[in-house]
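The values are calculated or read from the model by the stated rules, or taken from the named source; none is laboratory data. Quick caveat: nothing in here was measured; it's all calculated off a predicted structure. With ligands, DNA and RNA removed, areas are computed over all heavy atoms of the protein, side chains included. Shrake-Rupley method; radii C 1.70, N 1.55, O 1.52, S 1.80 Å.
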Amino acid sequence: VAFMKAYHELVLKSVPPAGGTIHRNNGDGHLISFGTLDEHPDLSDLPNVSEELALVEIRRKQQYFDKIIECVSEIIKQAQNISHQCGLNVPIRIAAGIDFGEIEIKFLGTEKGKRDVDLYGSTLIRATRLEAHSKIIWERFQNSFGLLMLSPDSLSAIRYSNQIEIVSTVNAQIKDFP
């Protein structure tokens, strides 16, 4: 119980400063987005800007990806410290599914009934399935504390660094991956 409380506090402390939004918590899992609530002006009606807009979108994805890496890396590192502080002394392994794309935010219920906010979209489905797939291939990465599962669409956002080891799982197909 102490570990989970400290872990949730860590996520709450780490995500918003990195520009992320925590939409849901489910046990030790979280639905977090980066950029979903950001507003970007629509300049597509301006003549001769399509190439520039494409470059802007690539840079925006790179910036979000950098923030995701920074945030998840900090959570992974601090989770190990929390485990030790709580006397668990076991490695805490954290995985995340990452995809880029549209997410639709819907308000459910009526004015008189229970109102709730929910998220929809294939981006969310892919990210969820990627995270679930991490449990299948985790044995290949026994010496790692963190595993980021990237969709093919998110690969364009990677700025290669010594923090990231890219491993293809083309031979390990993801069940029901859209």
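A few remarks follow.
- Phi angles of the stretch 47-56 translate, via the Karplus equation with coefficients 6.51, -1.76, 1.60 and θ = phi - 60°, into HN-Hα couplings of x, 6, 10, 4, 5, 5, 5, 5, 5, 4 Hz per residue; Gly and Pro are given as x.
- Residue 65 - accessible surface, heavy atoms, 1.4 Å probe, Å² rounded to 10: 0 Å²
- Cα-based reach from residue 67 at 16 Å (exclusive), listing aspartates and glutamates while leaving out same-chain residues under 8 positions away: 38, 57, 99
- Between the labelled values (1) 22.3; (2) 21.3; (3) 18.1, the entry that holds Kirkwood radius over Cα pairs in Å as derived from this structure is (3).
- Coupling constants for the stretch 7-20 follow from the phi torsions by the Karplus curve (6.51 cos²θ - 1.76 cosθ + 1.60, θ = phi - 60°), and in residue order they are 5, 5, 5, 4, 4, 4, 6, 8, 6, x, x, 8, x, x Hz; glycine and proline get x.
- Taking only protein heavy atoms and a 1.4 Å probe, the accessible area of the stretch 1-50 is 54% carbon and sulfur.
- Amide proton proximity set for residue 94, modelled H, under 5 Å, gap of 5+: 146, 147
- Solvent-accessible surface of the stretch 31-110, averaged per residue with a 1.4 angstrom probe and all protein chains in place: 66 square angstrom.
- In straight-distance terms, cross-link reach from residue 5 covers every one of the lysines whose alpha-carbon lies under 16 Å from its own, apart from those fewer than eight places away in the same chain; here that gives 13.
- Annotation: residue 88 carries an accessible surface of approximately 80 Å², with a 1.4 Å probe and no ligand, DNA or RNA atoms counted.
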